[in-house]
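The structure under discussion appears below in the form of structure tokens.
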Amino acid sequence: MSDQTRKYHQYLNQGELWLQYCLNCKKYIFYPRSHCPVCWQSELEWRKSQGKGRVYSYSIIYAQSMTDHEVPYIYSLVTLEEGVRLATHIVECDPKEVYVDMPVEMAIRKIGEQLMPVFKPAAPV
Ligand SMILES: [Zn+2]
């Protein structure tokens, strides 16, 4: 496990999602790594994510997988307000109710052996 990955998991253990931010590109990066994938600079800074985003795409998974996750569940790509996209699960949501562009907010859950940022429908404002 790299230092960056270890740090990322430390934050998850505290119930927080932190992203790296490239000071050169002025863009957020996910997943954690030692260099910016665009400019290859290593001047990356950790910033706490607000944990808000929108569903970019999703699929409903009916088959039991190796992670012994309850089925069906919603596998999704979520775009965070910070601009990064991550592969995740949508929880506390009926598979019939999820839709593209649905506002979501982060929760941290144990999936298999690991803590993972997942998302649930955002509370109405
Ligand atoms: Zn960069």
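The values are calculated or read from the model by the stated rules, or taken from the named source; none is laboratory data. Treat the numbers as computed from the prediction; the structure is a model and nothing was measured. Backbone-built Cβ (ideal geometry, glycine too); neighbour counts: all protein chains shown. In case anyone asks, the SASA skips ligands and DNA or RNA and just uses the protein heavy atoms, side chains included. Shrake-Rupley method; radii C 1.70, N 1.55, O 1.52, S 1.80 Å.
Summary table
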read-out	value
Residue check, residue 82 under 13 Å from the mean Cα position of the chain (by Cα) and either within 22 Å of residue 13 (Cα to Cα) or not assigned by TED's automatic domain parsing to the domain that holds residue 29 (or both)	yes
Qualifying residue in region 87-103 (condition: open to solvent by less than 20 Å² (accessible area, probe 1.4 Å), of a type in the set (Val, Ile, Thr), under 11 Å from residue 55 (Cβ atoms) and part of a loop (DSSP other than H, G, I, E, B))	yes
Candidate set: region 1-17, residues that are open to solvent by 60 Å² or more (accessible area, probe 1.4 Å) and not in a helix (DSSP H, G or I); chosen: the one modelled with the highest pLDDT	14
Residue check for residue 28: open to solvent by less than 50 Å² (accessible area, probe 1.4 Å) and either more than 25 Å from residue 100 (Cα to Cα) or within 16 Å of the ligand (Cβ to nearest atom) (or both)	no
